[in-house]
């Protein structure tokens with residue numbers, strides 16, 4: 001599980017330039033919790049380019065999730081929309097960044113390609 | 001909705017109750033206070049000194065607000081009532097009721113006012129399917145100092161109903177009691193506030209804080225309704241019925257908008273009570289119908305659908321890259337993926353229609369920016385048509401459900417299980433390529449080509465799309481045409497056999513323009529012939545088909561929105577008299593429904609039933625039915641954008657007389673369209689009398 005989350009961000013870090021269409025811009029802070037430990041990952045999306053950072057940045061969208069729930073989403077075992085309605089993903093700010101680019105990124109990294117778009 | 005129930009609504013919040021305002025378990029219809037696909041109140045019953053109340057009258061103040069005038073006791077006793085009650089309620093993000101008790105006597109009155117409250121937190125999707133299984137979550141009832149707190153909890157999913165009152169009261173687990181003495185000719189009043197909470201996770205406690213906003217909220221809602229009505233074109237006509245329908249439709253379209261969670265402006269929901277959520281097809285069709293009246297509905301709808309476009313291949317959700325949503329629901333069954341509709345993609349028509357709407361929007365507004373913003377999703381949609389939509393390899397858009405447990409068996413607009421059949425009643429094999437899907441695909445490619453040239457700077461892509469559209473049209477007119485029957489097959493079976501039933505789907509073909517000119521008159525003849533046309537509208541299925549049932553959802557009932565697209569198609573191909581005939585039938589039907597056409601009504605012949613016949617359980621109001629009135633007006637006026645000009649080419653019936661649509665918005669600013677009805681309908685059928693009218 002931990003491995004999958006690490007791989008996800010490593011992959012974003014490695015291939016951040018070629019994954020998203022250039023229409024997306026925004027900063028997403030992911031707060032993943034396990035027991036009392038909170039780990040923070042920031043995705044700075046600038047016209048489709050994704051940069052992974054660990055420093056605190058004021059996000060447009062803050063997503064909080066238990067680590068195991070987030071790992072299930074990355075594995076594709078559950079849908080992102082359902083996870084929001086069920087409160088496994090709690091969102092503040094611009095939820096469109098989660099439903100748009102972040103959802104897209106989860107899929108692309110899992111598939112190992114960038115063939116979701118035209 | 002059951003016509004006997006009284007409703008108020010605002011977006012995806014709505015209240016259904018009986019004529020005294022009470023809510024209690026009811027077999028006929030889902031009474032309750034609903035929000036985000038959950039019933040937050042399932043019992044709400046008012047008594048005075050232990051007695052139920054009786055209704056004198058109900059005032060419909062506006063779509064979110066109503067007032068009941070009541071007296072205690074049975075009907076026979078109220079003539080000399082000493083007490084009467086006014087119950088004034090409104091629904092927005094919360095539900096509020098003011099109860100006023102009037103003492104008409106010369107003596108003081110000791111009164112015990114009791115409101116019984118309970119909540120089952122039922123999921124509307126499951127209510128609709130009739131599920132009565134054991135629920136996995138638990139309902140808690142807590143009597144707190146200031147309120148009654150009811151909640152449903154299943155793991156991280158928590159929904160709460162918090163009931164509080166302004167005046168002193170006793171709260172118990174079953175409701176609230178007010179014990180008061182009202183002076184002679186005096187009155188007593190209390191506000192009761194019901195806060196419906198989608199509780200956030202991670203231990204955050206959301207308290208009932210809306211009390212301070214109640215009054216302001218309602219004022220804002222009234223102002224917003226006034227703005228909505230004032231920004232729409234004004235209709236001036238000799239026909240009072242048409243005027244009523246237009247006003248009713250506009251109000252309902254305004255009411256049926258909800259704020260999706262992604263912070264965009266509000267988008268149309270489907271209809272009440274079963275589709276008070278984002279339904280891709282209903283939202284797109286509503287926007288197409290209303291674009292020259294309320295164009296502000298469209299950008300938010302397109303943006304919301306684009307943000308939810310499919311990004312991966314998934315059997316459960318029937319998701320595929322580029323595919324546009326069929327439905328989004330927020331209830332328990334969606335949240336836990338008991339059912340697939342948290343984001344469900346089981347529709348083969350929403351994706352091409354998305355492109356059609358984007359082009360139509362551009363034509364009516366001149367907005368190039370949105371088209372550029374949605375280039376990515378539009379190209380993905382166009383690619384989906386060929387890469388994922390053609391399941392047989394014959395070059396036709398088709399469907400076969402991927403979720404074999406919960407998926408829809410039919411994935412066009414006629415999505416009930418028996419909606420597609422041969423004339424002899426057999427169900428065709430899968431995948432099914434229904435005819436109207438080919439029309440949409442054809443139209444999407446042509447419109448996509450126009451956008452590629454105009455906004456995306458890609459003429460080579462445009463050429464390719466146009467070539468594909470031309471080839472599809474040729475193929476379609478060859479493979480779907482039934483030369484003996486002289487109409488288009490409803491579908492191709494999985495093995496390529498044409499499905500020979502006569503259906504209303506062929507009307508959509510005229511709208512999309514895929515029909516060869518030499519076949520169009522036969523199609524128009526069938527649409528307005530006795531087998532399909534009832535006199536009120538065009539049935540979904542011809543009345544001599546084996547599966548025909550005048551009360552069958554997609555096997556005989558008449559769907560106004562379906563008819564409105566057909567009327568658009570009839571005019572496109574120059575069948576003005578037929579268009580007017582169908583439109584008039586619908587206008588007449590709307591008059592019987594006080595201007596509010598339900599999603600569908602029975603397919604009985606007009607000669608058989610004096611009134612168009614409603615069936616319980618059918619949505620009303622329903623966005624695409626409200627949109628029907630507007631689209632029919634547009635089509636009969638014959639208004640079309642032509643760059644920054646508006647052209648008018650009316651075909652209006654003599655009966656309607658004068659019809660003027662004033663302040664039509666567009667790149668031209670605001671313009672007016674005028675028509676005087678000159679098309680005379682002959683009872684014997686459409687005669688070849690040319691339509692003439694004046695426009696400017």
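The values are calculated or read from the model by the stated rules, or taken from the named source; none is laboratory data. Source: prediction; values computed, not measured. Don't worry about glycine lacking a Cβ; one is built from the backbone with ideal geometry, like all the others, and counts go over all protein chains shown.
Before we move on, is residue A:105 buried (at least 21 other Cβ atoms within 10 Å of the Cβ) and at pLDDT 95 or above? Give the derivation first.
Working: buried (at least 21 other Cβ atoms within 10 Å of the Cβ): yes; at pLDDT 95 or above: yes.
So residue A:105 fits the description; yes.
For residue B:277, the conditions (1) in contact (Cβ under 8 Å) with a residue 24 or more places away in the chain; (2) over 26 Å from residue A:98 (Cα atoms) are fulfilled apart from (2).
Of the residues making up the range B:400-416, those that are out of contact with any strand residue (DSSP E or B) (no Cβ under 6 Å at 6 or more places or on another chain) and closer than 19 Å to residue B:495 by Cα number 5. Being closer than 19 Å to residue B:268 by Cα, out of contact with any helix residue (DSSP H, G or I) (no Cβ under 8 Å at 6 or more places or on another chain) and crowded, with 21+ Cβ neighbours inside 10 Å is a property that residue B:345 has. Looking only at the range A:20-57, residues that are under 26 Å from residue A:72 (Cβ atoms) and in a strand (DSSP E or B) come to 22 in all.
Count of the range B:353-377 residues, restricted to those that are crowded, with 23+ Cβ neighbours inside 10 Å and within 12 Å of chain A (Cβ to nearest Cβ), is 2.
If we scan the range A:99-117, do we find a residue that is in contact with a helix residue (DSSP H, G or I) (Cβ under 7 Å, 6 or more places away or on another chain), more than 14 Å from every other protein chain (Cβ to nearest Cβ) and in contact (Cβ under 8 Å) with a residue 40 or more places away in the chain? Checked the range A:99-117: no residue is in contact with a helix residue (DSSP H, G or I) (Cβ under 7 Å, 6 or more places away or on another chain), more than 14 Å from every other protein chain (Cβ to nearest Cβ) and in contact (Cβ under 8 Å) with a residue 40 or more places away in the chain. Selection of the range A:68-96 for residues being in contact (Cβ under 8 Å) with a residue 60 or more places away in the chain and more than 9 Å from chain B (Cβ to nearest Cβ) yields A:68, A:70, A:71, A:74, A:75. Among the candidates B:491, B:524, B:520, the residue that is surrounded by 16 or more Cβ atoms within 10 Å (Cβ to Cβ), in contact (Cβ under 8 Å) with a residue 40 or more places away in the chain and within 22 Å of residue B:555 (Cβ to Cβ) is uniquely B:491.
Within the range B:615-627, is even one residue assigned by TED's automatic domain parsing to the domain that holds residue B:574, surrounded by fewer than 20 Cβ atoms within 10 Å (Cβ to Cβ) and part of a strand (DSSP E or B)?
We begin by selecting, within the range B:615-627, every residue assigned by TED's automatic domain parsing to the domain that holds residue B:574; these are B:615-627.
Filter again for surrounded by fewer than 20 Cβ atoms within 10 Å (Cβ to Cβ), leaving B:615-617.
Now restrict to residues that are part of a strand (DSSP E or B): none.
Checked against the condition, which is being assigned by TED's automatic domain parsing to the domain that holds residue B:574, surrounded by fewer than 20 Cβ atoms within 10 Å (Cβ to Cβ) and part of a strand (DSSP E or B), the range B:615-627 yields no hits at all.
Is it true that some residue in the range B:349-361 is at pLDDT 95 or above, in the same structural domain as residue B:405 (by TED's automatic domain parsing) and part of a loop (DSSP other than H, G, I, E, B)?
Within the range B:349-361, the subset at pLDDT 95 or above is B:349-361.
Within this subset, residues satisfying the condition of being in the same structural domain as residue B:405 (by TED's automatic domain parsing) are B:349-361.
In the following step, the residues that additionally are part of a loop (DSSP other than H, G, I, E, B) were identified as B:349.
Yes.
Here's a check for you: in the range B:295-312, which residue that is surrounded by fewer than 24 Cβ atoms within 10 Å (Cβ to Cβ) and either within 20 Å of the chain's Cα centre (by Cα) or part of a helix (DSSP H, G or I) (or both) is farthest from the other protein chains (Cβ to nearest Cβ)? Only one residue tops the list, namely B:295. Taking the range B:388-436 as the range and being closer than 25 Å to residue B:471 by Cβ and free of Cβ contacts under 8 Å to residues at least 40 places away in the same chain as the test, the residues that pass are B:390, B:393.
For the range B:378-398, the candidate set comprises residues that are farther than 12 Å from residue B:441 by Cβ and buried (at least 24 other Cβ atoms within 10 Å of the Cβ); within that set, the residue that is farthest from the chain's Cα centre (by Cα) is B:380.
Take residue B:291 and decide whether it is over 24 Å from residue A:73 (Cα atoms) and buried (at least 22 other Cβ atoms within 10 Å of the Cβ). Step through it out loud before you land on a result.
On the way: over 24 Å from residue A:73 (Cα atoms): yes; buried (at least 22 other Cβ atoms within 10 Å of the Cβ): yes.
So residue B:291 passes the test.
If you check residue B:321 against the conditions, is it assigned by TED's automatic domain parsing to the domain that holds residue B:356, in contact with a helix residue (DSSP H, G or I) (Cβ under 6 Å, 6 or more places away or on another chain), outside any helix (DSSP H, G or I) and over 29 Å from residue B:137 (Cβ atoms)?
On the way: assigned by TED's automatic domain parsing to the domain that holds residue B:356: yes; in contact with a helix residue (DSSP H, G or I) (Cβ under 6 Å, 6 or more places away or on another chain): no; outside any helix (DSSP H, G or I): yes; over 29 Å from residue B:137 (Cβ atoms): yes.
So residue B:321 fails the test.
Quickly run through the range B:21-36 and pick out the residues that are closer than 24 Å to residue B:222 by Cα and either surrounded by fewer than 22 Cβ atoms within 10 Å (Cβ to Cβ) or touching a helix residue (DSSP H, G or I) at 6+ places or on another chain (Cβ under 7 Å) (or both).
Start the filter on the range B:21-36 by keeping residues that are closer than 24 Å to residue B:222 by Cα, which leaves B:21, B:32-36.
Of everything in the range B:21-36, those that are closer than 24 Å to residue B:222 by Cα and either surrounded by fewer than 22 Cβ atoms within 10 Å (Cβ to Cβ) or touching a helix residue (DSSP H, G or I) at 6+ places or on another chain (Cβ under 7 Å) (or both) turn out to be B:34, B:36.
Let's see how each residue does on (1) at pLDDT 90 or above; (2) in contact with a helix residue (DSSP H, G or I) (Cβ under 7 Å, 6 or more places away or on another chain); (3) closer than 22 Å to residue B:318 by Cα; (4) in a helix (DSSP H, G or I):
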| residue | (1), (2), (3), (4) |
| --- | --- |
| A:59 | yes, no, no, no |
| A:65 | yes, no, no, no |
| A:68 | yes, no, no, yes |
| A:76 | yes, yes, yes, no |
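Among the residues of the range B:238-274 satisfying the criterion of being in a helix (DSSP H, G or I) and free of Cβ contacts under 8 Å to residues at least 24 places away in the same chain, which is farthest from residue B:15 (Cα to Cα)? It would help to see each step written out before you state the result.
Pass one, the range B:238-274, residues in a helix (DSSP H, G or I): B:240-255.
The next check asks that each one be free of Cβ contacts under 8 Å to residues at least 24 places away in the same chain; those that pass are B:240, B:243.
Values: B:240: 30, B:243: 27 Å.
Top of the filtered list is B:240.
Is at least one residue of the range B:198-213 within 26 Å of the chain's Cα centre (by Cα), part of a strand (DSSP E or B) and modelled with pLDDT under 95? Yes, because at least one residue in the range B:198-213 is within 26 Å of the chain's Cα centre (by Cα), part of a strand (DSSP E or B) and modelled with pLDDT under 95.
Tally up the residues in the range A:55-67 that are within 12 Å of another protein chain (Cβ to nearest Cβ) and more than 18 Å from residue A:100 (Cα to Cα), please.
Within the range A:55-67, the first condition is being within 12 Å of another protein chain (Cβ to nearest Cβ), and the residues that meet it are A:60-66.
With the extra rule that they be more than 18 Å from residue A:100 (Cα to Cα), the set shrinks to A:66.
Residues in the range A:55-67 being within 12 Å of another protein chain (Cβ to nearest Cβ) and more than 18 Å from residue A:100 (Cα to Cα): 1 in total.
Checking each residue in the range B:314-324 for being more than 8 Å from chain A (Cβ to nearest Cβ) and touching a strand residue (DSSP E or B) at 6+ places or on another chain (Cβ under 7 Å) picks out only B:318.
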